[in-house]
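Single-structure report; data block below.
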Amino acid sequence: MKQDIANSKRFGLKIHALLIGIDKYKEDPNNVATLAGCVNDCNDVKAWVDESFTFPHTMLLQNHEATRDAIIKQIGDIATSKYIDRGHPILIYFAGHGAQVEPLKEWELPSERNIQMCIPYDFSLKPIDGKGMGILDRDLSEAIAKVAKKKGDNIVVILDSCHSASGTRGEAEVNRAIKVPSDYAKSASLKKEDFSPSGDTMNCSRASSTTPTNHILLSACREDEWAKEKLFGKEKRGIFTQHLFTKLREAETESMTYGELILSLPLAEYQHPHCDAIDKDRIVFSLNHKRREFHSIDPPNQGNPRYLQLGAPHGVQKSDCFLLFKEDKFSSESCVGEGSVVDLKGFKSVLQVPQKSDPAFAVRTIQSPSISIIVPEEVLEPLPPWFLKLGVKLVTQADQTYEVLKLVKDENRVKFEFLNAEHSVAETHLHSWPLEKDSLVRLFHQMGHFYHHLHHTPGPILSIPVQVSIVLLKDMEPIDNSDTILSPSIPVKVLADDEPRYGFKVTNTSNEGIFFSLFYFGLRQFNIDALYNPPTVASGAPTACLAPNESKTIGYGNPGDEGFRFSLEESEESDVGYLRLFFSCQYLDFLHIRRSNLFHEERELSVSGRGLGKGRMSRNLPQQSIVSDSTPLTTGALTFPIVQLPESKMGGHLVCIHQPEGFLPPSV
């Protein structure tokens, strides 16, 4: 009986939901307008939670209950709740007014460095001694970071509010935003440093900060838009919430990612919701990702084109080729041929497929491999012919390819040795891998994918419009004069130790806006970790990640940030990885290229014990939206080698640039 009950719920067993809806405020309605749909939204979200989870635990805060102290306390209580185990889903929902706080004119800061805040019931336009304050974005970030530290990062934050006030409200639609006085920062006792990460008041904007890694953020609109509510039937509702939870009630959303969910909302007429998170490719309300090697193909629909869930913002161009599969696994039984892109449609592509093949998944082919692997004949023979299109060239003796590895049989497993590489890497034994055919195909594909995205330059670089620095941190604050500007292809040595923390800073040195994605490539495990990626927005004009001469801090600058650390396994004397920056003047979304550590995955080990250890990062971003036409993406890329060494080899330094001839390989 209990099993039947569990199976009847669509999204699982447990969830902890904190649902906040505020229509009426303590402040004069002439200053903070009364809303009509927030409590209705809150009640509908509760109904959805009850429908979707077997044992939901829900806390409602509505109208006068939703004071600033009560909201912060309830978020804090989640961290200590015995009801929620680590990894169980947590939902924090807010419907109400939002606002932006401008810096004081005498601070002479750029106007875009506003602080966003949610407006609680007891908000006052003139707070006294902290009473009547809004919930600043930094306060929300800090509270969520504490929850994530205790309960894990399966946290979804939904904000149906906005931060731009219009000053006028029509009868049909009401905006969920208020305008605060220009001197609100003074009455709220805010300081100049509050408007810049880590007190950097030069050119690091708080508004242009890092992608959340400890929660999923779903927001109703871009920062320059209004979250609206209107009449649906006989009751007022927030347009975003109404469409979002209508979609979540559809069966297909059980297998959707958060990014796909936002793209499915038909709201371009009103506002442009966005999804911001490093893990926006997770299946909704779970810790599971779709297999990143395989990209979904829409099912056939009465002769309509077959759409691939990958498009121009992902670097896809017309005539690109894809292997087609019935299932998301590498096997000859699943592979049904090859297709090509004939048109681009925003986040999708029109894929031409063989008749009667009916594929469900596609894997991008790599026409020019960047790696050769020397393999014995007995390993080469059983591999399927389509395998040759996955980015690895198998040979029986060394050739002049950019990278060469050698496969060595070890009973029923295989190991690999580096024979040569860009910086004369010496022999290095990697972890072993099963010898089964399908398992080897998966490994070879990841290796080909790794080297392709590490070495392939999407387009000619006429000039370099960005500058990347590594920053030393102490107590999560940048150490004075510790910025080390990285040079492409010139290695930087860092101390591999759990104690030192590092951050990165990306600066736009051009006179135009720049979009970028930042990844770490781990050479020993062929993993690709995402450090920064723009959010997904349903439609509309794109807003650049970096304005001209603006910087973005990654890994530091806000409560909850923990920076990055480098570490070695006990048997290692050194390791090497690569920082890889993709940039463009158009919107890009390269999150699909990241890959987990296959060796640790296969051995069921944790990935946090070596290489780059990622700290928590949780801050609001300027909202980017997708390219509205089918223009192919023109992208440049820069690579920065990072050598990780123990203290005995660092000569007392924490960061040191040295020339390629001094480049040290990873070794066992």
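The values are calculated or read from the model by the stated rules, or taken from the named source; none is laboratory data. Note that the coordinates shown come from a computational prediction; the quantities given were computed from them, not determined experimentally. A quick note on method: Cβ atoms are made from the backbone with ideal geometry, for glycine too, and the neighbour counts reach across all protein chains shown.
Descriptive notes on the structure:
- Candidate set from the range 225-241 (those that are touching a strand residue (DSSP E or B) at 6+ places or on another chain (Cβ under 7 Å) and assigned to a loop (DSSP other than H, G, I, E, B)); member that is nearest to Ser264 (Cα to Cα): Ala227
- Sole exception among (1) modelled with pLDDT of 75 or more; (2) surrounded by fewer than 23 Cβ atoms within 10 Å (Cβ to Cβ); (3) in a loop (DSSP other than H, G, I, E, B) for Lys146, by number: (3)
- Residues that are among the small types (Gly, Ala, Ser) and surrounded by fewer than 19 Cβ atoms within 10 Å (Cβ to Cβ) within the range 229-277 comprise Gly233, Ala251, Ser255, Ser264, Ala268, listed in sequence order.
- One residue stands out among those in the range 340-361 that are outside any strand (DSSP E or B) and aliphatic (A, V, I, L, M): the one that is farthest from Pro299 (Cα to Cα), which is Val353.
- A single entry from Asn175, Asn214 fulfils the requirement of being within 19 Å of His272 (Cβ to Cβ), crowded, with 18+ Cβ neighbours inside 10 Å, at pLDDT 60 or above and within 30 Å of the chain's Cα centre (by Cα): Asn175.
- Within this structure, Arg68 passes the test of being surrounded by 15 or more Cβ atoms within 10 Å (Cβ to Cβ), in contact with a Pro (Cβ under 7 Å, 6 or more places away or on another chain) and either among the basic types (Lys, Arg) or not assigned by TED's automatic domain parsing to the domain that holds Ala148 (or both).
- Where a residue in the range 260-289 is farther than 28 Å from Tyr520 by Cβ and its partner, wherever it lies, is of a type in the set (Lys, Arg) and modelled with pLDDT under 90, with Cβ under 8 Å and at least six apart: Tyr270/Lys228; Gln271/Arg222; Gln271/Lys228; His272/Arg222
- Residue, farthest from Tyr258 (Cα to Cα), within the range 523-545, restricted to residues that are outside any loop (DSSP other than H, G, I, E, B) and modelled with pLDDT under 90: Val537
- Qualifying residue in the range 362-383 (condition: on the phi > 0 side of the Ramachandran plot and either at pLDDT 85 or above or assigned to a loop (DSSP other than H, G, I, E, B) (or both)): no
- Filter result (part of a loop (DSSP other than H, G, I, E, B), aliphatic (A, V, I, L, M) and surrounded by fewer than 18 Cβ atoms within 10 Å (Cβ to Cβ)) within the range 457-507: Ile461, Leu462, Ile464, Ile479, Ile490
- Flag for Ser510 being surrounded by fewer than 22 Cβ atoms within 10 Å (Cβ to Cβ), outside the structural domain of Glu225 (by TED's automatic domain parsing), at positive phi and in contact (Cβ under 8 Å) with a residue 40 or more places away in the chain: no
- Annotation note: of Lys290, Lys280, Lys318, Lys345, the sole residue that is under 17 Å from Leu588 (Cα atoms), basic (Lys, Arg) and buried (at least 18 other Cβ atoms within 10 Å of the Cβ) is Lys280.
- Residue count for the range 466-516, restricted to those that are touching a Gly at 6+ places or on another chain (Cβ under 8 Å) and within 30 Å of Gln367 (Cα to Cα): 1
- The numbered conditions (1) within 26 Å of the chain's Cα centre (by Cα); (2) in contact (Cβ under 8 Å) with a residue 60 or more places away in the chain; (3) outside any helix (DSSP H, G or I); (4) surrounded by 19 or more Cβ atoms within 10 Å (Cβ to Cβ) are all true for Tyr307 except (2).
- Among the conditions (1) crowded, with 19+ Cβ neighbours inside 10 Å; (2) within 20 Å of Gly152 (Cα to Cα); (3) out of contact with any Phe, Trp or Tyr (no Cβ under 8 Å at 6 or more places or on another chain), the only one that Gln100 does not satisfy is (2).
- Of the strands (runs of 3 or more DSSP E) lying entirely inside the range 1-105, those containing at least 3 residues that are at pLDDT below 90 and either β-branched (Val, Ile, Thr) or closer than 19 Å to Gln116 by Cβ (or both) span 98-101.
- When Lys247 is tested against the conditions (1) touching a Ser or Thr at 6+ places or on another chain (Cβ under 7 Å); (2) modelled with pLDDT under 90, the lone failure is (2).
- Which listed residue, of His445, His431, His453, is modelled with pLDDT of 80 or more, farther than 19 Å from Ile642 by Cβ and within 29 Å of the chain's Cα centre (by Cα): His445
- Pro313 meets each of the listed conditions (1) touching a Leu at 6+ places or on another chain (Cβ under 7 Å); (2) assigned to a loop (DSSP other than H, G, I, E, B); (3) modelled with pLDDT under 90 apart from (2).
- The residue that is modelled with the lowest pLDDT, among those in the range 628-667 that are within 20 Å of Leu518 (Cβ to Cβ) and assigned to a loop (DSSP other than H, G, I, E, B), is Leu633.
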